[in-house]
Amino acid sequence: MVMATTASTAAHTSLASVTLEVADPEAARRFYAAFAVDAHIGLRASDAPSTGFRGFTMALTVSQPATVDGFVRAAVDAGATVLKPAAKSLWGYGGVVQAPDGTIWKIATSARKDTGPDTREIDEIVLLIGVEDVKATKEFYVERGLRVGKSFGGKYAEFTSGESDRVKLALYKRRGLAKDLGVPVEGTGSHRVVLGGTIGSFTDADGFVWENAV
């Protein structure tokens, strides 16, 4: 009976919320409303010291290049800085911007050609956290009830999400993630992000903080 209950709980365990810690919540709310992602994240005030790369990115997957350009343009118009201009690559088309609060956002599509005008619709949002040991961190989260959806050795792992979850969680080597985003890997202090779920309150080996989602 206990085993059945545990399995049922694990099947529904996932990342329920993402809260960004920002110095100016009101300014951040205006930015994220203009960027059109405010429904997918939470915000809270924080003055915790943080320098350099914070070790994560919020990645938006969209349907076509025109939509990538639309999100990048909206972010820049609202005050974001371009870290990587939107451009074609081997895997599709995408760009990277940094919000005024310091959060890095990657917007990408696997499509190479437009099939219509910019829709401003998001197909998927992934919180990519950079870790030192992908395999060890993957096992750490599996032991807490998360289920692996995709895994590529010690380089990348992605967890499944429920239908109501706004954001999916994935792991990437920290150095590789920084390189992909076009930023130096060095960084100290707070990650300035809090993950919410049903797996308890704790801090993982790479310093990412979890709280019980409300």
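The values are calculated or read from the model by the stated rules, or taken from the named source; none is laboratory data. Note that the coordinates shown come from a computational prediction; the quantities given were computed from them, not determined experimentally. Please note: Cβ atoms are built from the backbone with ideal geometry, for glycine as well, and neighbour counts cover all protein chains shown.
Would you check which residues across the range 191-212 are surrounded by fewer than 18 Cβ atoms within 10 Å (Cβ to Cβ) and farther than 16 Å from Asp133 by Cα and list them?
Thr198, Gly200, Ser201, Phe202, Val209, Glu211, Asn212
Could you tell me whether any residue of the range 47-61 is farther than 16 Å from Ser190 by Cβ, touching a helix residue (DSSP H, G or I) at 6+ places or on another chain (Cβ under 7 Å), modelled with pLDDT of 95 or more and not hydroxyl-bearing (Ser, Thr, Tyr)?
Among the residues of the range 47-61, at least one is farther than 16 Å from Ser190 by Cβ, touching a helix residue (DSSP H, G or I) at 6+ places or on another chain (Cβ under 7 Å), modelled with pLDDT of 95 or more and not hydroxyl-bearing (Ser, Thr, Tyr), which makes the answer yes.
With a cut-off of at least 3 residues that are within 26 Å of Pro65 (Cα to Cα), name the strands (runs of 3 or more DSSP E) lying wholly within the range 108-190. Let's see the steps before the verdict.
Working: elements: 124-131, 148-152, 156-159, 168-173, 187-189.
So the answer is 124-131, 156-159, 168-173.
Return the residues of the range 84-119 that are polar (S, T, N, Q) and out of contact with any Lys or Arg (no Cβ under 8 Å at 6 or more places or on another chain); say none if nothing qualifies.
The answer is Ser89, Gln98, Thr109, Ser110, Thr115, Thr119.
Identify the residue in the range 124-139 that is within 19 Å of Gly200 (Cα to Cα) and under 19 Å from the mean Cα position of the chain (by Cα) and, among all such residues, is surrounded by the fewest Cβ atoms within 10 Å (Cβ to Cβ).
Among residues in the range 124-139 that are within 19 Å of Gly200 (Cα to Cα) and under 19 Å from the mean Cα position of the chain (by Cα), the one surrounded by the fewest Cβ atoms within 10 Å (Cβ to Cβ) is Thr137.
Considering (1) closer than 21 Å to Gly102 by Cα; (2) under 17 Å from the mean Cα position of the chain (by Cα); (3) not hydrophobic (A, V, I, L, M, F, W, C), say which one Gly187 fails and leave the rest.
Going through (1) closer than 21 Å to Gly102 by Cα; (2) under 17 Å from the mean Cα position of the chain (by Cα); (3) not hydrophobic (A, V, I, L, M, F, W, C) one by one, Gly187 breaks only (2).
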